[in-house]
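Read-outs throughout are calculated quantities, based only on the coordinates presented, and are distinct from any laboratory measurement. Please read all numbers here as calculations on a predicted model, not as lab measurements. For neighbour counting, all protein chains shown are included, and Cβ atoms are generated from backbone atoms with ideal geometry for every residue, glycine included.
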Amino acid sequence: MAQTLYISVTVDWEGRTFDKDGPPYYAENLEGLVLLREKIKALGFDIPWTHYITPNYWLNGTADPTTVLANTKAIDWGKDEIGLHVHCWYDLVQNAQVDPLVENPTFGNMDIFGNDTSGHGVPLGAYSTANIIKIVTKAKTLLEQKLPHPLTVKGFRCGGWMSNDGVLTALMQSDFFYDCSAVPPVVFSQGFSTVSLGNKKDTVGDNNSITDFILSLWGYIPQDNGIYQNTLSLKWNNRQAILPTTQPYKIFANSRSVIEMPNNGGLSDYTSEAYMTAALGDALKLADTSDEPVFLNIGCHQEGPFRYKNSLFEFFDNNKAQLLDLKDQEKIIFSTVYEASRAADLHMVD
């Protein structure tokens with residue numbers, strides 16, 4: 001019997017800047033996200049989005065982030081979800097009273113000694129589990145206190161998708177309902193498989209400093225190194241790598257649990273429209289034969305020029321007729337990730 005396909009659109013907010021007049025790489029940040037949402041809505045997709053926000057904006061001197069978020073058309077406060085995103089900016093880590101700061105390893109900007117100059121690229125899992133708990137709980141409180149509308153944050157995405165064992169353990173101990181950090185290594189390394197690590201180029205053909213982290217955390221091979229330690233995810237995902245078809249799974253440790261909601265459709269900075277469309281096709285095939293609902297998770301970043309958001313628009317544009325038809329038939333539900341995780345949870349064993 002054919003099952004419903006839940007599609008969730010997500011946005012990662014890095015905690016860097018909203019400024020459209022910043023350096024060239026950051027041009028069209030919030031302005032571009034507003035344009036993207038308006039263009040997708042004009043196609044007929046007035047749908048909820050999930051925003052994973054790093055609350056560093058309230059610590060780094062950004063002018064009145066609360067008012068900016070209250071007024072932007074990038075967020076629909078009547079239907080969207082707000083989740084927590086954590087990049088380990090030094091301001092954010094110090095706000096959690098964590099010392100010492102970790103400066104490497106990193107996938108971010110480095111000084112001549114290999115140390116991160118801002119903390120942005122330092123994996124959250126490079127900190128101890130106790131310190132991760134401090135960081136995520138303080139960041140969650142800061143975000144909930146500063147948002148223009150009161151809400152409770154239930155979901156999480158790790159900066160760089162780097163939810164290792166320490167991060168997952170901390171999320172369980174901090175009562176997050178779900179994590180949305182698992183991402184297919186094939187997004188970052190074409191040709192990745194059980195017998196090959198692939199070419200280490202993403203689906204649009206770029207090399208990325210994040211790739212080796214992704215291959216280690218979300219691949220098939222068990223890792224013991226602290227920042228790469230992935231035994232929890234592997235155990236509860238049947239010892240499998242994350243694939244474009246990977247569906248939600250529940251992770252357990254010491255009588256606690258968290259639902260992993262894979263970002264199986266990728267984010268458009270690294271993901272071509274062709275990959276997203278192929279992932280949609282695979283999800284629809286899976287839904288045709290599944291006894292349970294099927295889930296697809298796609299998205300983009302707030303920071304970055306519009307060209308890094310464009311493949312997400314092209315996904316909706318090129319698949320418009322099919323998506324709207326299936327939506328009208330109630331075979332597709334566009335939902336927040338939290339709503340999707342609740343639907344997935346109904347079919348999971350506690």
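Numbers for the structure displayed
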quantity	calculated
Centre separation in Å (Cα based) which lies between region 232-250 and region 74-142	25
Rg followed by Dmax, in Å, when region 1-96 is reduced to its Cα trace	15.2, 54
FRET efficiency, 1/(1 + (r/R0)^6) with R0 35 Å, evaluated for ARG256 and VAL195 via beta carbons	0.50
Summed residue charge, Cβ within 14 Å of PRO293's Cβ, Lys/Arg positive, Asp/Glu negative	-4
Distance between modelled label sites at ASP345 and THR129, nm, 7 Å Cα→Cβ extension	2.2
Axial C-alpha extent at least 18 Å, average Kyte-Doolittle at least -0.5 - helices from the chain (DSSP)	29-42, 129-146, 273-289
Cα-based equivalent ellipsoid of the chain: semi-axis lengths in Å, sorted from largest, via gyration tensor	28, 24, 20
Rg and Dmax of region 218-338, Cα atoms only, in Å	16.2, 48
Chain lengthening between GLN240 and THR62 when straightened (0.36 nm per residue, less Cα-Cα)	59.9 nm
FRET efficiency, ASP99 to HIS149 (Cβ-Cβ, R0 30 Å, nearest 0.05)	0.35
Dimensionless Rg/Rh of region 44-129 - Kirkwood Rh, Rg from C-alpha atoms	1.07
Tensor-based shape of region 106-256 (alpha-carbon gyration tensor, a/c under 1.5 rounded, otherwise prolate or oblate)	oblate
Largest-first principal axis extents, alpha carbons of region 10-169, Å	47, 35, 27
Beta bridges by DSSP in the chain, antiparallel share as percent, to the nearest 5	20
Overall form of region 206-253 per C-alpha gyration tensor (a/c, 1.5; a/b vs b/c)	oblate
Spacing of the two label points (7 Å from each Cα toward its C-beta) at ASP19 and GLU314, in nm	3.1
